[in-house]
Amino acid sequence: MKNLFIPIILNALLFASCSNNAGTKQNENAINDSTNLKSEANRELVPFVLGENYFVKNTVPEDKNGAHKIETQKAFDEFFSPAATMGDSGMPSNIDFDKQFVIAIISASSDLKPSIDSISLNREGGELLLKYKESFGEKQSFTMRPVAILIVDKKFDGVLKPEVMSTL
């Protein structure tokens, strides 16, 4: 009987120590979750409109790829030219630099059907947190240099902090 009693006590102690660690882990996770919620609560979703019918000038070197905050028409014209097309929606988007600024995302030229998508823009404190995804698809017979032009109201101004979510 004594021989059975010792393993039962040892097992009980083992289970008790495991359940205490699990409780500690749950408390740590709850603390981390509440910290993330506070961080999320401090973030403000920033609305933007995608600018259309512009292309990156051929004079813009590849080392200018990435995200840029552009606050004047002159700076914008250094990067882009209008690309009007036929139809009702063929005119380039209007940008009023007195009331708006632009966040331009320029990707590398590629013949693998490049694209920029999954764009999100948030403000946290004085920072604009930009996240986006660059991806590459099928091989094409020509190269493209994709661009995303985000037109943002100046009331959401801040220091740009870009993050590429993934490059495939």
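With respect to the cross-link table entries K74/K139; K99/K131; K113/K154; K69/K113, which display a Cα-Cα separation exceeding 29 Å? Write out the running numbers ahead of the final one.
Details: K74/K139 35 Å; K99/K131 23 Å; K113/K154 33 Å; K69/K113 25 Å.
The pairs that break the limit, which is 29 Å between Cα atoms, are K74/K139; K113/K154.
Tell me, V159, V49 in order of fewest to most beta-carbon neighbours within 10 Å?
Numbers: V159 11, V49 14.
Neighbour counts put them in this order, fewest first: V159, V49.
GluC sites (Glu not before Pro) within segment 76-142: which are DSSP loop residues with at most 10 other Cβ atoms inside 10 Å?
E138
Considering the Cα positions of segment 39-132, please state its Rg to one decimal place and its Dmax as a whole number of Å.
Rg, Dmax (Cα atoms, Å): 14.8, 46.
No value in this document is a laboratory result; all are computed from the given coordinates. The shown structure was predicted, so the numbers you read here are calculated from the model rather than taken from an experiment. As a convention, Cβ positions derive from the backbone with ideal geometry for all residues, glycine included, and neighbour counts pool all protein chains shown.
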